[in-house]
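As structure tokens, the structure follows; a few thoughts come after it.
Readers should treat all values here as calculations from the given coordinates under stated rules, not as data from a laboratory. Treat the numbers as computed from the prediction; the structure is a model and nothing was measured. Quick reminder, even Gly has a Cβ in these numbers, built from the backbone with ideal geometry, and neighbours come from all protein chains shown.
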Amino acid sequence: MEIAHTIVAALEEKKGEDILLLDLKGIVPYTDYFVLCSGTSDRMLKALMEAARDKVQQDHDMKTRVEGQALDGWMLADFGDVVLHLFSAEQRNYYSLEELWTQAKVVLHMQ
């Protein structure tokens, strides 16, 4: 949970939009939390990902690889117990992970 809060704080500091922290414990075997966040441009998505990665590395000495590209409107970083999803508004609507994981508990939602 500490890593999830670190990620949320980094996203909030960089003005990420519609930040959502979902608790998936007991629902999926591969992670405990999803953090979802939207950005208004590919440049913003890249900045959000860099901020989250840097803050987690600084505070928790943990590195991760990034999947996807800001230009595609979707990026993912797997921090083990926490998976970060960054989306453009269009891609977030298309993938609609909130709808897919309705059984997950909403821990935090910042609009």
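In this Cβ point-charge picture (+1 for Lys and Arg, -1 for Asp and Glu), the chain has a dipole of about 120 debye about its Cα centre.
With the charge dipole of region 17-68 set up from +1 on Lys and Arg Cβ and -1 on Asp and Glu Cβ about the Cα centre, the Cα lying farthest toward the positive end among the listed residues 64, 51, 22 is that of 64. Rounded if a/c is under 1.5, else prolate if a/b beats b/c, else oblate: with a ≥ b ≥ c from the C-alpha gyration tensor eigenvalues square-rooted, which is region 1-46? It is prolate, given that a/c is not under 1.5 and a/b is the larger ratio. In this structure, the pairs whose alpha-carbon distance is over 20 Å, taken from 15/55; 15/105; 15/46, are 15/105. If both residues of a DSSP beta bridge must be in the chain, then about 75% of such bridges are antiparallel. Provide Rg over Rh for the chain; use the alpha carbon set for both Rg and the Kirkwood Rh (inverse mean inverse pair distance). Using only Cα positions, Rg/Rh for the chain is 0.92. Hey, quick one: spin label on residue 76, modelled 7 Å out along Cα-Cβ, who in region 38-66 has an amide N within reach, i.e. under 13 Å? Inside the label zone: 65-66.
Electrostatic bookkeeping for residue 23 treats Lys and Arg as +1 and Asp and Glu as -1; over the other residues with beta carbon under 9 Å from its beta carbon, the sum is +1.
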